[in-house]
Amino acid sequence: MTTATASHDDHHHGPEKGLMRWIKTTNHKDIGTLYLWFAFSMLLIGGALAMGIRMELLQPGLQLMEPQFFNQLTTMHGLIMVFGAIMPAFVGLGNWLIPMMIGAPDMALPRMNNWSFWILPFAGGILLSTFFMEGGAPAFGWTFYAPLSTTFAPDSTDFFIFAVHLLGFSSIMGAINIIATVLNMRAPDMKLMDMPLFVWTWLITSFLLIGAMPVLAGTVTMMLTDRNFGTSFFDAAGGGDPVMFQHIFWFFGHPEVYIMILPAFGVISHIIPTFARKPLFGYSSMVYATASIAFLSYIVWAHHMFLTGMPVAGELYFMYATMLIAVPTGVKVFNWISTMWRGSMTFETPMLWAISFVFLFTIGGFSGLMLGIAPADIQYHDTYFVVAHFHYVLVTGALWSIIAATFYWLPKWTGRMYNEGLAKVHFWWAVISVNVLFFPQHFLGLAGMPRRIPDYSLQFADFNMISSVGGFAFGASFILFTYIVVDCIRNGKPTTSRPWEGAKGLEWTLAPKADYHSFNKPPSRELIEAESQHS
Amino acid sequence: MFVFAVVIMPPIYDVFCEITGFNGTTGRVDTEQEYEVKEDRKVDVSFFAMTMGGFPVQFKPKISSMEVVPGKFYTTSYIAKNNTDQVVIGQAVPSVAPTDAALYFKKLECFCFNRQVFQPHEELEMTLRFVVEPELDERIQDISLSYNFFKLDK
């Protein structure tokens, strides 16, 4: 770390010049920026794949591509969005914000921080390179169920396995870093229950990551040995069981979905109080709700597997446990609504994204409850209803909160204000088109259209066309988003250190554009209390 | 958690399936033990045969179904014929539906306990001796037993 050596009289010494700054950096702000740009470029690549999917589905029949290539698109779209876009974006936000929110000068393990970022482009590169290999990219869906991914997979699957290993390493190191930072680098006068909710949710998410990612690494390692070294973990002929693959995969996979949504809850818990000009309602219940969601996420995995032939007792247990998650999640939703209740609300862009998050994420939550009902799931399983459900929670949930966070903290990152008028146009464009894109998929699913198919029966044609048109509009909205962000960085009007009237939090006590090194001295107890989220 | 996933979960999963009948895993008995038999209760057991991934053996049950009294032992057999000029080695994997019956479907003797070796053009009759335990839920009147033959390389 760059603790001042004796000869340094200038304690604002800045970053290195040129490209090496980004390669060698150990600064949490630089690494946060790298993560965010990486995630954004992956979002665009994953989005381009989705455009391919929606183009093929615009009309019934096979127009543009072979079914095998279509399957590669759906698989890689899922993998890139989950592991390349959403997760790194949250790690980027965590890097940028956590030290500033807890009054720390940097992350606890800055060199490891650099490493955990620089693994990512290589992992992403390996994953994307499979498109150009013989036999094509993995085509077995992002859930890579055995034996599709073992006996019947293309050779490029081994590259996919190593990419997942690397992504896992990166996530685990990021999580360790965040835990060490939050527990050791917090301002001495900040108690755990003084921490802002984004820090709380990330701390809990880190524990989920450390618990779940090694299970994923184990799953792909077993796949690797099944494929190349003659083991039979998932091969019934040798005494293994493909259903066990699903158990182990979802034992990772279900915590994973909360890894992607808990930090989002944190972001929203900052934005809503700011623009409602009220302290967050039920701060401690938010913390406990987050912790209970994290715990419950480990004991509900088989609700993804109601159709594998579980005994009735198993179906009932996983159904009830799944329903139970609605309780802490409901606590959160009601807390956000109560925070807005009788607040002096204004509707700047971050608030618009946050309110639409609450509304649309709740729709995704409700369709999740419907899927969690074991007997109903017999009809919904593997239909477009599932696709609609997880896009409502991941796009209008996780991604929405990332965009909200971008607009909310962009002034702090750049010292400049984005173009509010354009940002509002972008919001309405995105929020309308995303619903045109995903809402009809509920109907398609209920009518029986299966997921992961390049062609469909004629009765699904109308809704698919509506959905595709919405998809193209939603995809195009990111061109405007890119413009707004770049325009803000280059030409935005200089802003004050607290651009949002009602904003609380230690990060708003820093310079308008946060200095390269902030909080060289820890903030005082008075300051922490004045900036705390509870009343 | 990595060690947990690779080293601990698979064996635990096997034991769990054996104890609970989860996933249609059938049980095993070592002796012809005595059960309390209610003669008036009857259960239909249907037999199914499948082969996986181009397994070059014709495989079918000798009889497609039989009526059994829970608590009594029965013997039936499956017939398999190797249609190739090569030696074929295979492993049969059983599964019982409904899963709630799997726990009470016990086998004393089964060709699935070992791998089977088929000489070129050999036809084998492979026996199966089983019992449906009387603890089986009263509501279950039909049980399906299916075997899936997988090819082994050696």
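Descriptive notes on the structure:
- Lysine pairs in the range B:2-152 with Cα atoms under 14 Å, if 8 or more residues apart or on separate chains: 7
- Per-residue HN-Hα couplings for the range A:245-259 [Karplus 6.51, -1.76, 1.60; θ = phi - 60°; Hz; x = Gly/Pro]: 4, 5, 4, 5, 4, 6, 5, 7, x, 6, x, 4, 5, 7, 4
- Under 19 Å from the residue B:34 label point (7 Å along Cα→beta-carbon), backbone N, the range B:73-99: B:73-74
- Sequence-distant contacts, meaning Cα pairs under 8 Å at least 6 residues apart, place the relative contact order of the range A:436-535 at 23 percent.
- What the phi angles of the range A:413-418 give under the Karplus curve with 6.51, -1.76 and 1.60, with θ = phi - 60°, is a coupling list of 6, 10, x, 10, 9, 6 Hz, glycine and proline written as x.
- Helix A:384-393 axis, angle to chain A major axis (alpha carbon atoms, nearest 10°): 10
- For chain A, relative contact order (Cα pairs under 8 Å, six or more residues apart, normalised by length) works out to 18 percent.
- With the highest mean first, a sort of the peptides A:73-84, A:307-318 on other beta-carbon atoms found within 10 angstrom per residue produces A:73-84, A:307-318.
- Whole-Å distance, taken between Cα centres, linking the range A:329-347 and the range A:465-518: 23
- Helix-only CD estimate at 222 nm, as mean residue ellipticity for chain B, using -39500 (n - 2.57) per DSSP H run (n ≥ 4): -3000 deg cm²/dmol
- Whole-Å distance, taken between Cα centres, linking the range A:70-132 and the range A:262-326: 24
- Based on Cα contacts under 8 Å between residues 6+ apart, the range B:2-152 shows a relative contact order of 32 percent.
- Cβ neighbours within 10 Å from other chains - mean over A:229-238: 4
- For the range B:1-89, the calculated P(r) over all alpha carbon pairs, in 5 Å bins from 0 to the bin holding the longest distance, is 3, 10, 11, 13, 17, 16, 12, 10, 6, 2, 0 percent.
- Shielding value for A:208-221 is 3, the average number of Cβ atoms from other chains within 10 Å of each residue's Cβ.
- Taken over the alpha carbons of the range B:2-152 as equal point scatterers, the Debye sum produces base-10 log I(q)/I(0) values at 0.12, 0.15, 0.17 Å⁻¹ of -0.55, -0.82, -0.99.
- Calculated from backbone phi, Karplus (6.51, -1.76, 1.60) coupling profile of the range A:168-179 in Hz, x at Gly/Pro: x, 3, 4, 5, 5, 5, x, 5, 4, 4, 5, 4
- Multiplying the residue separation of residue A:527 and residue A:143 by 0.36 nm and subtracting their alpha-carbon distance yields 133.5 nm.
- With a 10 Å cut-off around each Cβ of B:83-95, the average count of Cβ atoms from other chains is 1.
- Förster radius 35 Å - calculated FRET efficiency between residue A:229 and residue B:129, Cβ distance, rounded to 0.05: 0.40
- Pairs of alpha carbons in the range A:452-521 whose separation is greater than 20 Å (percent): 61
- The sum of -39500 (n - 2.57) across all DSSP H runs of n ≥ 4, divided by the residue count of chain A, sets its helix-only mean residue ellipticity at 222 nm to -21500 deg cm²/dmol.
- Sorting the segments A:408-417, A:265-274, A:44-53 by their mean number of nearby beta carbons within 10 angstrom, highest to lowest, gives A:265-274, A:408-417, A:44-53.
Every number here is computed from the coordinates shown, using simple stated rules; none is lab data. Predicted, not measured: the structure shown is a model, and the values here were computed from it. We place every Cβ from the backbone using ideal geometry, glycine too, and count neighbours over all the protein chains shown.
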